[in-house]
Structures are given as C-alpha cells and as structure tokens.
Amino acid sequence: MKALSQRRRHPLAAVALLLMGLLITGGLYMAAGSVNEAKAATGYSASDIEEGNKLFVANCATCHGMNAEGSADGPSLIGVGAAAVDFQVGTGRMPMQMQGPQAQAKPVQFDDAQISQLAAYVSSLGAGPSIPSEDMLDTSQGNAAAGGTVFRVNCAMCHNAAAAGGALTRGKFAPSLAGVSEKHIYEAMVTGPQNMPVFNDSNVTADEKRDVITFLKEIEAQGSPGGAKLGSLGPVSEGLFIWTAGLGIIIAFTIWLTSRPS
C-alpha cells in the first residue's frame, strides 16, 4: 500500500492530470464545434462535383491552387463549405477582378447552375457551412424587433446601426447591406467573409439569424421618408451638413454685403 501511495503522489502525476484535462477539453470543444458545421458534399451528385472541379481549375486554381490547397495569392478552400462559395461567387466577389485590400461585389461571372457546381466541388473537399434552406430565410417567420437587437449588439459597430456600411482599417470597409439577398446575408454570417467574424449557431442561433435578416429587410423597405439619408450616420453627418452649408451661406452673404457700392 505504501508503494502504491507513493506512485499516486509521483511528481509527474500533476502533469499527467493536466494533459488529460486538456485532451478532454479539446475533444469536447471539437465535438461542440462540429455540431454547428454542415457535412461535406451532401445533396450533390458526382457529376456536379466533377463539373465543379473543371470550373475550379479553369477559373480559381491560379490563386487557390489546383487542389484548393491555397497559395501565396489565395487561401485554402478546404473546409470552407458550400455557403462560402455561393456567397463569394454569387455576389461577384470571386473571381477577383484585381488584387486589393478586399474583394468587392461586381456583376456575377457564372450562372446559378455553375455556382452550384463550384459549391459542390469545394464542399466535397471538407465539411463546412451549407447553403441555407428556404425555411431559414423566410422573413415572415422572423421577428424584426429581436433581429434589430441582435444586429446592434453584433453588427452595427462595422455596418452602421442602419446597415449603411462603414470604413475599416487599411482600405477595407463593411459594405452596405441594402439590396443584399436574404441568402447571401445568412451565408455571410455563417462564413465570415473578409474581416467579418463567423457567427455560428453557438453565438447567434439560426432563428436569430432569420430575425436579423427580417430586421434588415424591414428597414430597407422603409426607405428614407425624411429625405436624404446622409449615410444614415445620424446627428454627426446632419450636423456637419448644416454647419458646412450654413457657414457657406454666411460667407456668401458677407461677400455680397461688402461688394455693394457705397
């Protein structure tokens, strides 16, 4: 018993317990994270994947590598999922027109079938977020008030409280969300393009994402009944406009008065 007691108190016992704890914690973290990710290549046929591979080699491999492993000019696409491809290609951001601080939206280069094939191929390379279903995008089931709260807490610091967009560092920017489709808004939340963080179901649930989309579509439909929005920056831009315009009027009036003949 004495020998057994000494073994239990071995100096390396604490290290072994620490390593065991780290392994268990890491395993639980990976298991929890996998719950929020879509499975690879579900719902796509072998022909879709094959055609997507051909499109990829012809249009994307120059930057992302022949096997999507990445290169100095583009990141690896293994594990980004179908949603990332559908967002980037479906908004025209990819293929990029030229290198720059971030990919900008432009006219789409592929039709819906080709985008689906590209998504099928990239999805087959590894698990990642899938393209959302119509039910997840149905704003009639969303709560705009709750979505506004989620948006202001998680998104407004970059996209502006009215989703008008804003400047970031090093030439990057958060784009305006007006005119963006429900599907692409959802895909941006689950994939985190550019400087945007990833909002998986652990921090923003699927229902909350739908609420955010409902909120964005509601404020977009409201328009600007008060006139020019001035970037939707509130009293900052409004005050600056009034100050600049008012000062200009005063200067012009002063010049007019002093130029009158005596």
Inset, instruction - Figure the gain on full extension for Ala113 and Lys172 (residue separation times 0.36 nm, minus the Cα-Cα span) and round it to one decimal in nm. - result: 18.2 nm
Legend entry - Distance between modelled label sites at Ala161 and Asp138, nm, 7 Å Cα→Cβ extension: 3.3
Inset, instruction - Mind giving me the nanometre distance, one decimal, between the label points for Cys63 and Leu18, set 7 Å out from Cα along Cα→Cβ? - result: 4.4
Legend entry - Karplus (6.51, -1.76, 1.60) ³J(HN,Hα), θ = phi - 60°, over segment 65-79, in Hz, Gly and Pro reported as x: x, 4, 10, 6, 7, x, 7, 5, 9, x, x, 5, 10, 6, x
Inset, instruction - Using θ = phi - 60° and the Karplus relation 6.51 cos²θ - 1.76 cosθ + 1.60, list the HN-Hα couplings for segment 210-222 in order, rounded to whole Hz, with x at every Gly or Pro. - result: 5, 5, 4, 4, 4, 4, 5, 5, 6, 5, 5, 5, 5
Legend entry - Whole-Hz ³J(HN,Hα) from phi, Karplus 6.51 cos²θ - 1.76 cosθ + 1.60, for segment 53-62, glycine and proline x: 4, 5, 4, 5, 4, 6, 10, 10, 5, 4
Legend entry - Amide H contacts of Phe173 (H built 1.01 Å from N, under 5 Å, at least 5 apart or other chain): Leu168
Inset, instruction - Compute the Rg to Rh ratio over segment 53-115 from the alpha carbon atoms, using the Kirkwood formula for Rh, and round to two decimal places. - result: 0.92
Inset, instruction - Arrange the residues Met96, Met189 by how much accessible surface each exposes, largest first, with a 1.4 angstrom probe. - result: Met96, Met189
Inset, instruction - Using a 1.4 Å probe and counting only protein heavy atoms, arrange Ile49, Ile115, Ile251 so the residue with the most accessible area comes first. - result: Ile251, Ile49, Ile115
Legend entry - With all protein chains modelled, accessible area of Phe151 [1.4 Å, Å²]: 0
Inset, instruction - Could you please put Glu238, Glu134 in sequence from largest to smallest accessible area, using a 1.4 Å probe? - result: Glu134, Glu238
Inset, instruction - State the extension gain, in nm to one decimal, for the chain segment bounded by Ala105 and Thr25, taking 0.36 nm per residue of separation less the distance between their alpha-carbons. - result: 24.8 nm
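The values are calculated or read from the model by the stated rules, or taken from the named source; none is laboratory data. The model shown is predicted, which means the values in this text are computed figures rather than measured ones. FYI the Cβ positions are ideal-geometry reconstructions off the backbone, even for glycines, and counts take in every protein chain you see. The area values use the complete protein model at the heavy-atom level, side chains included, leaving out ligands, DNA and RNA. Shrake-Rupley method; radii C 1.70, N 1.55, O 1.52, S 1.80 Å.
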